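Take a look at the structure set out below.
Throughout, read-outs are computed from the coordinates displayed, never taken from laboratory work. Please read these numbers as outputs of a predicted model, since none were measured by experiment. A quick note on method: Cβ atoms are made from the backbone with ideal geometry, for glycine too, and the neighbour counts reach across all protein chains shown.
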Amino acid sequence: MTNAAVGTELPALSVRLRRDDLVRYAGASLDFNPIHWNEKTAKAVGLPDVIAHGMLTMAVASRIVAEWVGDPGAIVEYGCRFGRPVVVPNDDEGALVEVTAKVTKDFEDGTVKVNINASFEGKSVLTGAFARVRVS
């Protein structure tokens, strides 16, 4: 990390999520809800197709801060709300999640607040996403 001043924009991050990523995440998280792997079930509950796990999307978005600060342990707080799902088609392309972030506040305790935006197909998928990061 080179600059943690308010207004600093972090290097953008683009991550492709494919169906095999959802399977691996389901195994790691033990979240085997069929809306994350079965098209018929996903559509039966009103979804357009299989969707990524919200927590996987949240984890992907946190990477922008972890890579910028150089130490995932420097993230002392992280939060968001899930705004809309990331639909993952059954093809080689998958879904592209694009993440941007900006330092918005400097605290006296050596941490900064970073606001995070994760989007899919040009629409935000996380609401109020932020991280508080130890920078000194």
Inset, instruction - Any chance you could count how many residues in region 105-123 are surrounded by 14 or more Cβ atoms within 10 Å (Cβ to Cβ), touching a residue at least 24 places away in the same chain (Cβ under 8 Å) and either more than 16 Å from A4 (Cβ to Cβ) or of a type in the set (S, T, N, Q) (or both)? - result: 3
Legend entry - Members of region 1-25 that are of a type in the set (A, V, I, L, M) and in a strand (DSSP E or B): L13, V15, L17
Inset, instruction - Quickly run through region 26-67 and pick out the residues that are among the small types (G, A, S), part of a loop (DSSP other than H, G, I, E, B) and buried (at least 17 other Cβ atoms within 10 Å of the Cβ). - result: A52
Inset, instruction - Tally the residues that are farther than 11 Å from K123 by Cβ and of a type in the set (V, I, T), restricting the search to region 76-86. - result: 1
Inset, instruction - Could you identify the single residue in A44, A5, A26 that is in contact (Cβ under 8 Å) with a residue 24 or more places away in the chain, farther than 21 Å from T127 by Cβ, out of contact with any strand residue (DSSP E or B) (no Cβ under 7 Å at 6 or more places or on another chain) and not acidic (D, E)? - result: A26
Inset, instruction - Could you please give the count of residues in region 69-78 that are touching a Lys or Arg at 6+ places or on another chain (Cβ under 9 Å), touching a residue at least 12 places away in the same chain (Cβ under 8 Å) and surrounded by fewer than 15 Cβ atoms within 10 Å (Cβ to Cβ)? - result: 2
